[in-house]
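The values are calculated or read from the model by the stated rules, or taken from the named source; none is laboratory data. Predicted, not measured: the structure shown is a model, and the values here were computed from it. We place every Cβ from the backbone using ideal geometry, glycine too, and count neighbours over all the protein chains shown. With ligands, DNA and RNA removed, areas are computed over all heavy atoms of the protein, side chains included. Shrake-Rupley method; radii C 1.70, N 1.55, O 1.52, S 1.80 Å.
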Amino acid sequence: MEALQKGISLQINLSPAEYPLVKTMLPHQIGFFGDSVDEIVLTVETRRSKGRFGNNFDAYRDYFYRFLAELKAENPKIRLAEVDYAPGVREVVSRMFLNGNAILPDKDYRGGPFYCYFFGLFAYRFSTALHLDSDIILGGNGENWPPAAAKLLERPDVLFVNPLAGPPT
């Protein structure tokens, strides 16, 4: 694995099954953070999940990839990272997160995505990652979030920086 460059990666997990949501939310997410990050990694699930997680995976695949190609043509920061399930890659990703003690499973106990989240964190190129899923709604002053979070992460007692989940209280 290459050494990470200093900077911020916006990493967003996506699946063809989420196309109706992605076509609405992804442009907003990219617009919200795009100017304050060094790259935008769209991590694309390549294996259909079971149950509701995989509904319409095959039916939406062509629309989904066409849409991503249009976004990528508009924004040079965007890079697609298709989830690689090859045994050698899975071993490297698992070693990175589990110290080689086990191989990450493809899916969770419900058949939903699992390995793809770790692959997404493996795929970015910069030293700080801002991770999103396709269903996260953002508001506020987004251009300040990544640099402020990166500054907090310089402290030795901080491992993660997370906004409060859910609606404002």
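The table below lists the values:
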read-out: Options Leu10, Pro27, Asn99, ranked by Cα towards positive dipole end of region 1-116, top entry (Cβ charges); value: Asn99
read-out: Region 1-153: relative contact order in percent, alpha carbon pairs under 8 Å with at least 6 residues between; value: 40 percent
read-out: Cα-based convex hull, the chain, per residue volume (Å³, whole number); value: 143 Å³
read-out: Contact order relative to length of region 30-104, as percent, for alpha carbon pairs under 8 angstrom and 6 or more apart; value: 35 percent
read-out: Computed magnitude of the charge dipole of the chain (debye, nearest 20; Cβ of K, R +1, Cβ of D, E -1); value: 300 debye
read-out: Label-to-label distance, nm, for residues given as Ala59 and Asp35 (7 Å Cα→Cβ offset); value: 3.9 nm
read-out: Full-stretch length increase - Glu91, Val158 - with 0.36 nm per residue and alpha-carbon distance subtracted; value: 21.3 nm
read-out: Cβ-derived FRET efficiency at R0 35 Å, Asn101 paired with Glu70, nearest 0.05; value: 0.25
read-out: Rounded to the nearest 20 debye, dipole of region 5-69 from Cβ charges on Lys, Arg, Asp, Glu; value: 320 debye
read-out: Accessible area of Ser15 in the full protein assembly, 1.4 Å probe (Å², nearest 10); value: 10 Å²
read-out: Accessible solvent surface per residue of region 31-169, calculated while the other protein chains remain in place, 1.4 angstrom probe, Å²; value: 62 Å²
read-out: Sites Ala148 and Phe114, calculated FRET efficiency, Cβ-Cβ separation with R0 30 Å, nearest 0.05; value: 0.50
read-out: Estimated 222 nm signal from helices in the chain, with DSSP H stretches of n ≥ 4 weighted -39500 (n - 2.57), rounded to 500; value: -11500 deg cm²/dmol
read-out: Rounded to 5, percent antiparallel among DSSP beta bridges of the chain; value: 5 percent
